[in-house]
Amino acid sequence: MKRFLTLMLILSAIFCALSGCGRGNDIEADLVFVNDSDAVIVTVAVDSQDQNGGTQNADSSPLRRGESFGFETGEYPVTVYVYDRPVYDIVGGALAQLTIDEAPPEGERWYVTARDGAEGLTLAADTCWPEGV
């Protein structure tokens, strides 16, 4: 009986590995929003020439420092909007916004980081994960 269970466990592990269910999330994001602030950020929206979309936590709770969202963007330029409430369409009243004019270099992605600033929430874009987050 032990041999049978051991064999079944090994076969199950092999099947999972071959079918892909043992792999992590392989989604490639063109743009990653990273929260490095204490601001109340509930919705992050991305608007490009050919598409727009947004995301928020399922329970509409604010993002915590260090949390991030990934986006597949459309054609550039792309504008990132940050809101302190659930938003279902691109509307006015964003806490901050940033427009990125061109696509990242080949094989890289944009990291848009929200930080607390003297004038309120600021957004910055870079091709490297932000330090300290």
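On the basis of being free of Cβ contacts under 8 Å to residues at least 40 places away in the same chain, within 16 Å of the chain's Cα centre (by Cα) and open to solvent by 50 Å² or more (accessible area, probe 1.4 Å), does residue 126 make the cut?
For residue 126, the condition - free of Cβ contacts under 8 Å to residues at least 40 places away in the same chain, within 16 Å of the chain's Cα centre (by Cα) and open to solvent by 50 Å² or more (accessible area, probe 1.4 Å) - is met.
Please note which strands (runs of 3 or more DSSP E) are completely contained in region 52-93 and include at least 1 residues that are hydroxyl-bearing (Ser, Thr, Tyr) and over 14 Å from the mean Cα position of the chain (by Cα).
78-83
Answer with yes or no whether residue 37 is at pLDDT below 95 and among the small types (Gly, Ala, Ser).
In short, no.
Would a scan of region 102-113 turn up a residue that is of a type in the set (Lys, Arg), open to solvent by 60 Å² or more (accessible area, probe 1.4 Å), farther than 16 Å from residue 36 by Cβ and within 15 Å of the chain's Cα centre (by Cα)?
For region 102-113, residues of a type in the set (Lys, Arg), open to solvent by 60 Å² or more (accessible area, probe 1.4 Å), farther than 16 Å from residue 36 by Cβ and within 15 Å of the chain's Cα centre (by Cα): present.
Could you list, in sequence order, the residues of region 54-101 that are acidic (Asp, Glu) and under 15 Å from residue 30 (Cα atoms)?
Selection gives 72, 75, 101.
What's the number of the only condition in (1) buried (at least 18 other Cβ atoms within 10 Å of the Cβ); (2) assigned to a strand (DSSP E or B); (3) of a type in the set (A, V, I, L, M) that residue 41 fails to meet?
(2)
The values are calculated or read from the model by the stated rules, or taken from the named source; none is laboratory data. Computed from a predicted model, the values in this text were never measured in an experiment. Positions of Cβ are backbone-derived with ideal geometry, glycine not excepted, and every protein chain shown enters the neighbour counts. The area values use the complete protein model at the heavy-atom level, side chains included, leaving out ligands, DNA and RNA. Shrake-Rupley method; radii C 1.70, N 1.55, O 1.52, S 1.80 Å.
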